[in-house]
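In what follows, a structure is listed as structure tokens, so that the remarks can point back to it.
The values are calculated or read from the model by the stated rules, or taken from the named source; none is laboratory data. Small disclaimer: the values here were computed from a predicted structure and weren't measured. When we count neighbours, we look across all protein chains shown, and the Cβ atoms used for this are built from the backbone with ideal geometry, even at glycine.
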Amino acid sequence: MINVSILGTGKVGTHLIKACINSPVIQLVQIYNRSEQGLTLYQGLTPTTTDLNSLKQADLYIVALPDDVIKTINLSHLQGLIVHTSGTKSFNILQAKRRGVFYPAQSFTKEKKINFKAVPVCLETEFNADFRVLQNFASMIAQHVYEISEEKRQKLHLAAVFANNFSNRVMGIAYDICKEHQIDFQILQPLLQETFLKTQILPPKVAQTGPAVRNDAETIEKHLNQLKGTNKEVYQILTKSIQEKHGIKL
């Protein structure tokens, strides 16, 4: 049994709270949030507080707060291990005696349920003894646990922005095109699923298809004539990127 407190009830904090509550070997000691509104859902379920000085003793404190807030809070009065969930920040921004990072490499939305067991978790601690504590906790709620340095975690976060945030925006462009022309976006769902399934068995370069990799200038020109503004620029940049990756002379 490990005693855990979670600071923050945003997207990451919400899913961590659920994962802890659902584990028979984790005691959720307390939930902190800067406002009472974010604690309403948990009142009567587990102790809550808006006062950092009222935090109870725990083995582990997970700070799931915005990056610009993490560095402003002083947790040096606590004896337990304190970790944040940021993909880009060093554990050095934590004002604490024992510090580390618990970075879940996943995109979280409050309204959508997620199987935390399937979420890859990346760990780093300042002291070796604390890593064992953090690894023990992580293995209770996740099946894929990795020890990753700050430098590699930041590179992973960069890769995640391309894989998730940018790909979602590109899907948004596709959605807007369909909506504008009264086309059911669901028609593209099998294509989207196949695209991401391929990445599990093939390198993206091998899986690449489409007019850019075929150097189909006629189709590319036809597409560009239908676009304007930022969407046209995105099409041109991505086409150039694909062709450069495949050694196609521009």
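Couple of notes before you dig in:
- Filter pass, residue 150 being under 30 Å from residue 124 (Cα atoms), among the acidic types (Asp, Glu) and at pLDDT 95 or above: yes
- Test: residue in the range 104-118 that is over 20 Å from residue 192 (Cβ atoms), in contact with an Asp or Glu (Cβ under 9 Å, 6 or more places away or on another chain), among the small types (Gly, Ala, Ser) and not assigned by TED's automatic domain parsing to the domain that holds residue 187: no
- Only listed residue being assigned to a helix (DSSP H, G or I) and among the hydrophobic types (A, V, I, L, M, F, W, C), chosen from 145, 161: 161
- Number of positions in the range 1-18 that are under 13 Å from residue 45 (Cβ atoms) and without any contact (Cβ under 8 Å) to a residue 60 or more places away in the chain: 3
- Helices (runs of 4 or more DSSP H) (entirely within the range 188-247) containing at least 3 residues that are charged (D, E, K, R): 217-225, 229-245
- Test: residue in the range 6-20 that is assigned to a loop (DSSP other than H, G, I, E, B) and more than 25 Å from residue 156 (Cα to Cα): no
- Any hit, the range 228-235, residues being more than 21 Å from residue 114 (Cβ to Cβ), surrounded by fewer than 13 Cβ atoms within 10 Å (Cβ to Cβ) and either in contact with an Asp or Glu (Cβ under 9 Å, 6 or more places away or on another chain) or in the same structural domain as residue 97 (by TED's automatic domain parsing) (or both): no
- Set side by side, the residues 82, 62 differ, and just one is at pLDDT 95 or above, more than 20 Å from residue 163 (Cβ to Cβ), outside the structural domain of residue 161 (by TED's automatic domain parsing) and touching a Ser or Thr at 6+ places or on another chain (Cβ under 8 Å), which is 62.
- Annotation note: Cβ proximity below 7 Å between a residue of the range 19-30 that is more than 9 Å from residue 4 (Cβ to Cβ) and a residue that is at pLDDT below 95 and of a type in the set (A, V, I, L, M, F, W, C) (sequence gap 6+ or interchain) occurs for 25/1.
- Verdict on residue 189 being surrounded by 14 or more Cβ atoms within 10 Å (Cβ to Cβ) and farther than 26 Å from residue 20 by Cβ: no
- Every pair of residues 6+ apart whose Cβ atoms lie under 7 Å, when the first sits in the range 154-180 and is over 19 Å from residue 103 (Cβ atoms) and hydroxyl-bearing (Ser, Thr, Tyr) while the second is assigned to a helix (DSSP H, G or I) and modelled with pLDDT of 95 or more: 175/185
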